[in-house]
Amino acid sequence: MDIGSGKGYPSSALSNLSPHPFEIDYVLCNSMEGFLQSLKFQNQDMQRYVCSLVGFQAKYKGKSKRWWTTQKLYWLGTEIDRHSQEYQDLLDRAYNALSENSSFRKALLASGNSSLTHSIGKNDPHHTVLTEKEFCSRLLKIREKIK
C-alpha cells in the first residue's frame, strides 16, 4: 500500500498530512506533518504554531527553511543533530503519541497486513526530516503493537 494524501482510504488517512491530533511534551500537534515541519524552526512559539497546522498548510510552512545546510533541527529549545539517536528517539516518541489517536489507529488497522510504502518520500536523510524507511518502519511497528 502506497501511502499518500491523494490516495483512497486507508492510505490517505495514514499520510502525515492527515488531521490526527496528538500531544507530545505538552504540545498539541494537529497532524504529524505539523510536528515534522515544526522541527525546522528554532523559535519555540513558531514551533507551537506550526504544530497546530494540518495538511499542505503545514508542509509549506517549513518548506523554505534551509535546515539541511547545518543538518540541525530543534525541539522545544534543544538543537538536535538530524543523524543522532536523540532524533530517532524523538521520532519514536512522536509516532507513539500519534498512535493514541483513534482515527489514526483505525486507519492503520484497516491497512491489514499490507506492506507499506511512500513512493513520493525521499530516502536520503540529508535532504528530508523523515525518510520513507523511517516513516514506514514506524507505522509497521505500531501496527504490530496494536493488533
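The values are calculated or read from the model by the stated rules, or taken from the named source; none is laboratory data. Note that this is a predicted model, so its numbers are computed, not measured. Cβ coordinates were reconstructed from backbone atoms using ideal geometry, including for glycine residues, and neighbour counts include every protein chain displayed. Heads up: the accessible areas ignore ligands, DNA and RNA and are worked out on the full protein's heavy atoms, side chains in. Shrake-Rupley method; radii C 1.70, N 1.55, O 1.52, S 1.80 Å.
Per-residue accessible area for residue 90 at 1.4 Å probe radius, Å² rounded to 10?
10
What spacing in nm lies between the two simple spin-label points modelled at residue 2 and residue 69, each 7 Å away from Cα in the Cβ direction?
3.4
Pairs of alpha-carbon atoms within less than 8 angstrom and 6+ residues apart define the contacts here; what relative contact order does the chain have, in percent?
RCO, the chain: 24 percent.
What 222 nm value per residue comes from the helices of the chain, counting each DSSP H run with n ≥ 4 as -39,500 (n - 2.57) and dividing by all residues, nearest 500 deg cm²/dmol?
Dividing the helical sum by the residues of the chain leaves -12500 deg cm²/dmol.
For the pairs 40/106; 65/145; 63/147; 63/133; 59/141; 65/106, flag any whose C-alpha to C-alpha distance is greater than 27 Å.
Table pairs above 27 Å Cα-Cα are 40/106; 65/145; 63/147; 65/106.
At 0.36 nm per residue, minus the direct Cα-Cα distance, what do residue 23 and residue 115 gain on full extension? Give it in nm, one decimal, please.
The span from residue 23 to residue 115 would gain 30.4 nm if fully extended.
Of the GluC sites (Glu not before Pro) in the range 46-140, which ones lie in a loop per DSSP and count no more than 15 other C-beta atoms within 10 Å?
Of the GluC sites (Glu not before Pro), the ones in loops of the range 46-140 whose Cβ has at most 15 other Cβ atoms within 10 Å are 100.
Which distance in Å, rounded to a whole number, links the C-alpha centroids of the range 12-29 and the range 93-147?
The two parts, judged by their Cα centres, are 12 Å apart.
How would you classify the chain from its alpha-carbon gyration tensor, with a ≥ b ≥ c the square roots of the eigenvalues: rounded for a/c under 1.5, else prolate if a/b is greater than b/c, otherwise oblate?
Prolate, because a/c is 1.5 or more and a/b exceeds b/c.
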